[in-house]
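What follows is a single structure, written as structure tokens, with notes after it.
The values are calculated or read from the model by the stated rules, or taken from the named source; none is laboratory data. Not measured: the values here are computed from a predicted model. Here the Cβ is made from the backbone with ideal geometry for all residues, glycine too, and neighbour counts use every protein chain on show. These accessible areas exclude ligands, DNA and RNA; they are computed on the full protein's heavy atoms, side chains included. Shrake-Rupley method; radii C 1.70, N 1.55, O 1.52, S 1.80 Å.
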Amino acid sequence: MTDAICKFIHYLHNVKKTSKNTEVSYERDLKKMEQYLATLQITDVVQVTETHLNSYMLYLEREKFAPSTVSRNVAAMRAFFQYLLKEQVIDHDPTDHLKPPKVEKKVPEILTVEEVDLLLKQPSSDTPKGLRDKAMLEILYATGIRVSELVHLELSDLNLRMGYIVCTEHSKERMIPFGSMARKSLEDYLDRGRPALVGAADCGMLFTNCSGNPMSRQGFWKILKGYARAANIMTDITPHTLRHSFATHLIQNGADLKSVQEMLGHADISSTQMYLHMNMNKIRDVYVKAHPRK
């Protein structure tokens with residue numbers, strides 16, 4: 001089964017052009033499934049039945065995995081066995097009738113404009129690290145890019161004079177503009193911060209850690225959490241919180257849905273419509289509080 005999983009991940013990467021995060025997630029979930037099936041003496045994909053997979057789902061639920069985690073595992077299994085069926089490794093799909101648990105869609109956490117301002121004021125302008133952190137936070141909120149895109153930005157992806165960055169995903173480029181405040185933070189970082197961090201190292205990454213090496217997603221996550229605590233922001237902030245805030249604030253201020261979709265890099269506009277619904281919820285709250293005949 002290990003070989004079949006490896007071939008499937010290779011297929012995702014080379015044929016489906018999926019993101020690295022998807023590949024890592026699917027591989028982890030499928031290896032977990034493989035370990036469970038081994039306890040049932042199931043070691044070959046042709047032996048797997050719907051009963052075995054239902055048993056595995058019940059095991060995940062007994063182990064107190066969240067419904068969203070179980071649902072994600074079902075998605076990984078479906079993709080895997082559909083691939084095996086397509087490749088004629090198996091003659092039937094054991095996931096045909098699997099029903100993932102219902103997952104309540106949580107409204108994403110959004111910062112207010114005041115909270116964003118407070119967060120962005122936290123990094124110090126007196127140290128190379130502070131200049132870097134300020135620039136990273138500013139560009140994240142100014143463009144709404146994903147944290148994985150942020151830490152993989154190269155110097156060549158930045159057009160400071162014209163005020164935009166280029167993000168590349170699955171060989172598809174999107175250009176995202178940023179404003180004067182992000183530009184100023186980037187100028188300060190490139191002038192007084194980055195040279196001190198990189199030193200003589202030959203590094204093409206826009207943002208680096210304090211050793212001049214590429215920064216990890218986890219490293220930036222810790223940085224963000226630290227500034228959120230310093231700003232006394234109670235919201236459970238993740239890098240995606242700034243992405244959600246970026247999109248919501250744009251729509252609240254009149255941006256059209258199609259433009260926001262392009263900036264976020266959503267393949268389907270239905271993903272972007274979530275922010276429109278969130279804006280309507282805010283408008284409804286304002287109405288209920290203010291209208292005399294509510």
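Across segment 204-221, the qualifying residues are those that are touching a residue at least 60 places away in the same chain (Cβ under 8 Å) and more than 19 Å from Arg194 (Cβ to Cβ), and the one among them that is least open to solvent (accessible area, probe 1.4 Å) is Arg217.
For segment 140-186, residues that are open to solvent by 80 Å² or more (accessible area, probe 1.4 Å), without any contact (Cβ under 8 Å) to a residue 40 or more places away in the chain and under 20 Å from Pro128 (Cβ atoms) total 1. Can you name the residue in segment 61-82 that is part of a helix (DSSP H, G or I) and small (Gly, Ala, Ser) and is also surrounded by the most Cβ atoms within 10 Å (Cβ to Cβ) among such residues? Per the criteria, the residue is Ala76. Can you find a residue that is in contact with a helix residue (DSSP H, G or I) (Cβ under 9 Å, 6 or more places away or on another chain), in contact (Cβ under 8 Å) with a residue 24 or more places away in the chain and open to solvent by 70 Å² or more (accessible area, probe 1.4 Å) anywhere in segment 125-135? Yes, the conditions are met somewhere in segment 125-135. Ile90 fulfils the conditions (1) in a loop (DSSP other than H, G, I, E, B); (2) under 29 Å from Arg243 (Cα atoms); (3) in contact with a helix residue (DSSP H, G or I) (Cβ under 6 Å, 6 or more places away or on another chain) except for a single criterion, (2). Among residues of segment 79-96 that are closer than 17 Å to Tyr11 by Cβ, those with a beta-carbon under 7 Å from a residue that is not in a helix (DSSP H, G or I) at least six positions away or on a different chain give the pairs Phe81/Ile90; Phe81/Asp93; Phe81/Pro94; Phe81/Thr95; Gln82/Asp93; Leu84/Ile90; Leu85/Asp93. Look at (1) modelled with pLDDT under 85; (2) in a loop (DSSP other than H, G, I, E, B); (3) touching a Gly at 6+ places or on another chain (Cβ under 9 Å) and you find that Gly212 fails only one, number (1).
In segment 21-60, how many are in a loop (DSSP other than H, G, I, E, B), open to solvent by less than 60 Å² (accessible area, probe 1.4 Å) and in contact with a Leu (Cβ under 9 Å, 6 or more places away or on another chain)?
The total comes to 1.
Here are some residues: Val45, Val15. Which one is more than 24 Å from Val147 (Cα to Cα) and either modelled with pLDDT of 90 or more or touching a Phe, Trp or Tyr at 6+ places or on another chain (Cβ under 9 Å) (or both)? Outline the logic, then answer.
Numbers: Val15 fails: either modelled with pLDDT of 90 or more or touching a Phe, Trp or Tyr at 6+ places or on another chain (Cβ under 9 Å) (or both).
Going through Val45, Val15 in turn, just one is more than 24 Å from Val147 (Cα to Cα) and either modelled with pLDDT of 90 or more or touching a Phe, Trp or Tyr at 6+ places or on another chain (Cβ under 9 Å) (or both): Val45.
Scanning segment 222-265 for residues that are open to solvent by 60 Å² or more (accessible area, probe 1.4 Å) and closer than 18 Å to Gln122 by Cα yields Lys222, Arg229, Ala230, Asn232, Met234, Asp236. If you filter segment 1-32 down to residues that are within 22 Å of the chain's Cα centre (by Cα) and of a type in the set (Gly, Ala, Ser), you find that the one that is farthest from Val48 (Cα to Cα) is Ser19. For segment 96-104, state whether one or more residues are within 27 Å of Ser245 (Cβ to Cβ), open to solvent by 30 Å² or more (accessible area, probe 1.4 Å) and at pLDDT below 90. Yes, segment 96-104 contains at least one residue that is within 27 Å of Ser245 (Cβ to Cβ), open to solvent by 30 Å² or more (accessible area, probe 1.4 Å) and at pLDDT below 90.
Cβ-Cβ contacts under 9 Å between residues 6 or more apart (or on different chains), taken from a first residue in segment 1-13 that is more than 13 Å from Ser25 (Cα to Cα) to a second residue that is surrounded by fewer than 12 Cβ atoms within 10 Å (Cβ to Cβ) and among the small types (Gly, Ala, Ser), are listed as Met1/Ala38.
Take Asp91 and tell me if it is more than 26 Å from Glu27 (Cβ to Cβ), more than 24 Å from the chain's Cα centre (by Cα) and open to solvent by 80 Å² or more (accessible area, probe 1.4 Å).
The answer is no for Asp91.
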